[in-house]
Amino acid sequence: MNITALIDKFWEKYTSYTPSAKQIHQLFGEEITNDHIAFRTLNLPETSIEIQKEYLLKYGYAEKGQYDFEVKKLKAIHLENEDPVMPKIFLSELLLEQFSTGLQKIFQEIFKNINLKDQELFTGGRSWEIDFHTYNQLANESEYASWLYVWGFCPNHFTVSVNHLNSYQSLEEVNDLVKQNGFLLNKSGGEIKGTPEELLEQSSIVADLQKVDFSGTAHNVPSCYYEFARRYEDSNGNIYQGFIAKSADKIFESTNFKNN
Ligand code: NI
């Protein structure tokens, strides 16, 4: 499989539970370049971002930045491809040891008998049983953890590169298009996270709600969201390629229940 086929697989998986992304994608009426694709995992030896990175190296990716999210107890890295047209990849992981023993046990039990490999760490989804009590228990400690419990291994979001759009110049214009078509933006930290001075502006819709079966009982829970990013030139005239931890921190909240 080449890199384009891999990205296509990610998109196929992602839009299967994020119908809004497909709808908004079509609203632009032009070809879309992806700024980045983001994934979530946890820092067990078999599922860590280091293991995920190993797999992506084969596709021409290399690590270019590291980020810490102390309050959310997450660590992240971003990777760039040797072909600059290919999306960057943002990998984050839950730092398990910083949570309660109850939370740690839930995930240790799940992964005792599960052995994910290679692409499964990106598109394998969930292969374990879930119940709503555990979901709520996890959500009390970390919305990231409860999201991971339900959705497993899959793209968390794709991000449209506003720089590459022909018909829209600013993030404000993109946000207006999205809102006029009935989609809700994540307002945590304001509709636009980041500033031109920080060289990166981002916005995102709130995650779609999807009906999920919890051991025989269905509940609507947040799935995934679509993001938009506009990047600016640094003092050397190069378009900034990194991420702003303070903005990403707010973007993570697009999958929080309270948004919906
Ligand atoms: Ni993102």
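Quick notes on this one:
- Unit charges on C-beta of K, R, D, E only; dipole of the chain, Debye: 560
- Relative to the longest principal axis of the Cα atoms of the chain, helix 3-17 runs at roughly 70 degrees.
- Of the solvent-accessible surface of the stretch 1-106, computed with a 1.4 Å probe and all protein chains present, 49% belongs to carbon and sulfur.
- Length available on full extension from Q119 to L209: 0.36 nm per residue minus the Cα-Cα distance, which gives 29.8 nm.
- Loop-located GluC sites (Glu not before Pro) in the stretch 14-65 (DSSP state other than H, G, I, E, B) with a sparse environment of at most 14 neighbouring Cβ atoms within 10 Å: E30, E31, E46.
- Dipole of the stretch 3-259 [Lys/Arg +1, Asp/Glu -1 at C-beta], most positive-end residue of P155, H219, A62: H219
- The stretch 36-81 shape via C-alpha gyration tensor axes, a/c threshold 1.5: oblate
- A simple packing score, the average count of other Cβ atoms within 10 Å per residue, orders the peptides 185-191, 219-225 as 219-225, 185-191, with the highest score first.
- Residue among S127, S204, L116 farthest towards the positive dipole end of the chain, charges placed on Cβ: S127
- Beta bridges from DSSP with both residues in the stretch 3-259: antiparallel share about 75 percent, rounded to the nearest 5.
- Sorted largest first, the principal axis extents computed over the alpha-carbon atoms of the stretch 178-228 equal 50, 23, 14 Å.
- Within straight-line cross-link reach of K246, lysines at Cα separation under 22 Å, skipping those fewer than 8 residues along the same chain: K64, K72, K73, K75, K88, K187, K193, K258
- Alpha-carbon spread of the chain, three principal axes, descending order, Å: 49, 39, 35
- The chain - mean residue ellipticity at 222 nm from DSSP helices (-39,500 (n - 2.57) per run, n ≥ 4, rounded to 500): -9500 deg cm²/dmol
- Accessible surface of the stretch 168-260, 1.4 Å probe, proportion on carbon and sulfur as whole %: 47
- Residue-count net charge about E70 - beta-carbon cut-off 13 Å; Lys, Arg +1, Asp, Glu -1: +2
The values are calculated or read from the model by the stated rules, or taken from the named source; none is laboratory data. What you see is a predicted model, and the numbers here were worked out from it, not measured in a lab. Methodologically, a virtual Cβ is constructed for each residue, glycine included, from the backbone with ideal geometry; neighbour enumeration extends over all protein chains shown. Just the protein is used for accessible areas: all its heavy atoms, side chains included, with ligands, DNA and RNA removed. Shrake-Rupley method; radii C 1.70, N 1.55, O 1.52, S 1.80 Å.
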